[in-house]
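Data first, discussion second: the structure below is written as structure tokens.
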Amino acid sequence: MPMAASDIERLIKDAMPDAEVRIDDLRGDGDHYLANVVSSAFIGKSRVQQHQMVYAALQGRMGGELHALALQTSAPEAG
């Protein structure tokens, strides 16, 4: 059963409450998403660490309910 974009967003925001999350369904099939996540939790973290934090927030659903998730992560810009 595919995972809803709203569920992905909720899981990420539960783990990183300040996150700005945008989820795009890349194929319209509910199975291939792009997540753009901006969070202060990423400050000082490498891109790999940022992605690991998002995968951890998804609580093991990658590869199961969630087939494919492309990630774009960043810390908020100062200003």
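The values are calculated or read from the model by the stated rules, or taken from the named source; none is laboratory data. Model, not experiment: these values are computed from the prediction. Accessible surface is based on the protein model in full, side chains and every heavy atom, while ligands, DNA and RNA are left aside. Shrake-Rupley method; radii C 1.70, N 1.55, O 1.52, S 1.80 Å.
Of the accessible area of the chain, computed with a 1.4 Å probe over protein heavy atoms only, carbon and sulfur atoms account for 49 percent.
What the phi angles of the range 11-26 give under the Karplus curve with 6.51, -1.76 and 1.60, with θ = phi - 60°, is a coupling list of 4, 5, 5, 5, 7, 9, x, 8, 5, 9, 10, 10, 10, 10, 7, 5 Hz, glycine and proline written as x. Once the 1.4 Å probe is applied to the protein heavy atoms, the range 5-48 comes out at 56 Å² accessible per residue. Stretched out straight at 0.36 nm per residue, the stretch from D14 to Q72 would grow longer than its current Cα-Cα span by 19.1 nm. Against the chain, whose longest principal axis comes from its Cα atoms, helix 47-57 is set at around 50 degrees. In a fully extended conformation the segment linking R47 and A4 would gain 13.0 nm over its present Cα-Cα distance, using 0.36 nm per residue. Shown here: Rg/Rh (Cα atoms, Kirkwood Rh), derived from the displayed model; of the candidates (1) 0.96; (2) 1.24; (3) 0.93, it corresponds to (1). Working from Cα pairs under 8 Å separated by at least six residues, relative contact order for the chain is 34 percent. A cut-off of 5 Å between modelled amide H atoms, ignoring neighbours fewer than 5 places along the same chain, links A68 with Y33. Measuring only protein heavy atoms, the 1.4 Å probe finds H32 accessible over about 30 Å².
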